[in-house]
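Notes follow once the structure below has been shown.
The values are calculated or read from the model by the stated rules, or taken from the named source; none is laboratory data. This is a predicted model, so every value here is computed, not measured. With ideal geometry, Cβ positions are generated from the backbone for all residues, glycine too; neighbour counts draw on all protein chains shown.
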Amino acid sequence: MKIRWPVAAITLVVTLSVLFGGYMAYQWFQVEKPITETVQETPHVSLSKLSADPAHLELVLKTDEKFSVVHDYMPLRRQLHTVAGDRKLSIRLKDRPDSHLHKAWNEMVFGIKEGMALRRYQEIPKAVQKGTEGKKIEYEVSMDDSYVYIELHRGDRYLYRILPLHKPESEVKDNG
Amino acid sequence: MGKGMIIGAIPAVILFLAYLGYRPMPLVVLGLVAGAVYLLFQSRSGALGVGKKKRLQRKDSVPNISFDKIGGQYRSKEELKEALDFLIHRKRIHQYGIRPIKGILLSGPPGTGKTLMAKAAAHYTDSVFVTTSGSEFVEMYVGVGAQRIRELFQEARDQAKKNQKNSAIVFIDEIDVIGGQREGSVHREYDQTLNQLLTEMDGIASDQEVQILVVAATNRKDMLDSALLRPGRFDRHISVDLPDKKARRMILELQTENKPLAPDADIDQIADETFGFSGAQLESLTNEAAIYAMRDQSDVICQRHLSEAIDKVMMGEKTDREATQEERERVAIHELGHAIISEVVRPKSVSQVSLAPRGQALGYVRHHPGVDRYLYTREQIEQQIMVCLAGAAAEEQVYGNRSTGARNDYEQAGRYTRTLIEAGLSDLGIINKDWVSYETLHRESAKILKELHEQTAQMLNQYSEVFSRALDLLLKEEVLSGSRFRELLKQFAKKPVQMNR
């Protein structure tokens, strides 16, 4: 049988547009829209960047000083996970630290790391408390199955640290 | 269309899967393997029946031949046309309550135009025409033949429905391959094929919508199974015989239509001299004549070319065998003997005496058969025998001995005596050859031959002068035409004398 090349070319274009168009629509309605809505519903946080491909979902969230990692971030993350499904979800929180907060963090990080490495988790709040003493820094520490959450507030400046318990190689988040 | 779409869709799907993060290689490899397996199966379609063979030939692919282009065979053509008319005028035959003809069997010697008639039939009706040949059903796998028959009829029906025709013609060439007699307890593969053909032609499940006419050709009708020959299967047996003189002339005229024929070329005479030629031989004759003309660098085909072509078709090409002078003389004497007796018993019957070796013969006399003849009297057969014996008799007369050159002549003479005895024309009267001993037959045959030999020798005696005169001429010229020979004969013939023995 003779192959009709124009037919083949048209089929190629049509198939590609149907498949990719369908996929894009799915992406928009089933992934991006729910994520945007979820983020909008959460107070003190806004979506700064969202990129999605079939395997990854990357979010950059912009927060204000009233945002609390311990109270707000944990439920948000859970919700986003349900939307993301099987995709690998990576969330970046944009904080606004200043030199005091950095300095305090640099001091307390030894104690925190030691506590995590030795699995003596009570050491962590102690180290944080010790690092913030007398520096007018408010802090909050929390942990769950996978992460240790630490937030430092000083005036309108704030610093968030989310340290994975089981993946020491990605302990420090790149905050850009 | 479908193939193009598949070819377009496959890369798109592969691209999409790759974007989704699936690796396409396993899929591609799987596809290639599946394709390879499919191709493998298709190439062995006979065995596995995956792909169907494209046996169906469109009508346009059958050479455009009409019944007018077939010389002679008037009766066969009429018979065939009538059967085909039944396909065309279905309403009228319904009115008369005629059951449509299921099959036509064309039988006859090779080269008489059976296939040609089928080709003409293809164009005569407005039916779907499907053609195949017996050998297409032969395969090394069991059951394929039967399957092919089913497919063939199915194809014919499908094609007819597709083209909105209500009749189809299936032409099976050389049907004797599959239609041979079923005999004995040995079950042969061909039997299945034949059984399938029988049921397709007149089985319980024959389709009423599409009427299928099976036209088959064979040159071994005697070998066909009787179930195939009964009415309802092959209703009409049309025998396509060797052409008679009129038909030969027509065939020759048709065949020379596109050839430059000289004004002196006498088609009528050629038709006269080609008794027993089939259509294919006549076609070959005109073709050879044209080749001879081209070899001679002559612009037109002359009578001489046609005449040489007859010799070539009958006896084969001239050979290079070099005979010694002595042998040549003996051959010349031998042939002259034949020619003289032939001329004496049937005047004007010699058409050519030739000393040029052709095929197996060292020399030959070509006879002019006169009118086409199908019945012979005793006298006529005896004359034939005398012509056969004349070669050896002439040698005997001139040299006093005979040679092995007469062996063929004796065989032929033997055949004639056998005909004579079996036909009840001999002195034995009407006999049943099974009840008569060979010895009796032999004795009678020998008696006839001896008598005739004596007669022949006696006749030749009158022409001894002709031998010496014609011999030189024949040796010199190699070929003597019939008229030249007759002149010599008239000139040198002695008056009849009675021999005393």
Of the residues in the stretch B:27-82 that are in a loop (DSSP other than H, G, I, E, B) and of a type in the set (Lys, Arg), the one that is modelled with the highest pLDDT is B:Arg44
Checked against (1) without any contact (Cβ under 8 Å) to a residue 12 or more places away in the chain; (2) of a type in the set (S, T, N, Q); (3) in contact with a Phe, Trp or Tyr (Cβ under 6 Å, 6 or more places away or on another chain), B:Ser354 satisfies every condition except (1)
Looking at (1) over 21 Å from B:Arg233 (Cα atoms); (2) acidic (Asp, Glu); (3) in contact (Cβ under 8 Å) with a residue 40 or more places away in the chain, find the lone condition where B:Asp158 falls short. (3)
Restricting attention to the stretch B:303-317, does a residue exist that is aliphatic (A, V, I, L, M), free of Cβ contacts under 8 Å to residues at least 60 places away in the same chain and not in a helix (DSSP H, G or I)? no
Could you tell me whether B:Ile270 is touching a residue at least 24 places away in the same chain (Cβ under 8 Å), under 30 Å from B:Ile101 (Cα atoms), crowded, with 22+ Cβ neighbours inside 10 Å and of a type outside the set (S, T, N, Q)? no
Do we find a residue being modelled with pLDDT of 85 or more, of a type in the set (Gly, Ala, Ser) and more than 18 Å from the chain's Cα centre (by Cα) anywhere in the stretch A:3-16? yes
Please find, within the stretch B:396-427, the residue that is surrounded by the fewest Cβ atoms within 10 Å (Cβ to Cβ) out of those that are farther than 14 Å from B:His334 by Cβ and of a type in the set (Val, Ile, Thr). B:Thr419
Of the residues in the stretch B:238-255, those that are buried (at least 17 other Cβ atoms within 10 Å of the Cβ) and touching a strand residue (DSSP E or B) at 6+ places or on another chain (Cβ under 8 Å) number 2
So, restricting to helices (runs of 4 or more DSSP H) that lie completely within the stretch A:1-120, which ones have at least 3 residues that are within 14 Å of chain B (Cβ to nearest Cβ) and either surrounded by fewer than 13 Cβ atoms within 10 Å (Cβ to Cβ) or touching a Gly at 6+ places or on another chain (Cβ under 6 Å) (or both)? A:5-26
Restricting the stretch B:354-368 to residues that are assigned to a loop (DSSP other than H, G, I, E, B) and buried (at least 16 other Cβ atoms within 10 Å of the Cβ), the residue that is modelled with the lowest pLDDT: B:His368
Return the pairs, sorted by first residue and then second, in which the second residue is part of a helix (DSSP H, G or I) and of a type in the set (A, V, I, L, M, F, W, C), the first residue lies in the stretch B:13-24 and is within 9 Å of chain A (Cβ to nearest Cβ) and within 10 Å of A:Leu16 (Cα to Cα), the beta carbons are less than 6 Å apart, and the residues are 6+ apart or on different chains. B:Phe16/A:Leu19
Report, by residue number, each residue of the stretch A:127-143 that is touching a helix residue (DSSP H, G or I) at 6+ places or on another chain (Cβ under 7 Å) and either of a type in the set (Lys, Arg) or within 17 Å of A:Leu93 (Cβ to Cβ) (or both). A:Lys130, A:Lys135, A:Tyr139, A:Glu140, A:Val141, A:Ser142
Whether any residue in the stretch B:25-37 is more than 7 Å from chain A (Cβ to nearest Cβ), more than 56 Å from the chain's Cα centre (by Cα), over 11 Å from A:Thr11 (Cα atoms) and surrounded by 12 or more Cβ atoms within 10 Å (Cβ to Cβ) is what I want to check. yes
Mind checking which residues of the stretch B:319-342 are surrounded by fewer than 24 Cβ atoms within 10 Å (Cβ to Cβ) and not β-branched (Val, Ile, Thr)? B:Asp320, B:Arg321, B:Glu322, B:Ala323, B:Gln325, B:Glu326, B:Glu327, B:Arg328, B:Glu329, B:Arg330
Yes or no: B:Ala122 over 19 Å from B:Leu229 (Cβ atoms), surrounded by 20 or more Cβ atoms within 10 Å (Cβ to Cβ) and under 23 Å from the mean Cα position of the chain (by Cα)? yes
Filter pass, B:Val387 being at pLDDT 90 or above and β-branched (Val, Ile, Thr): yes
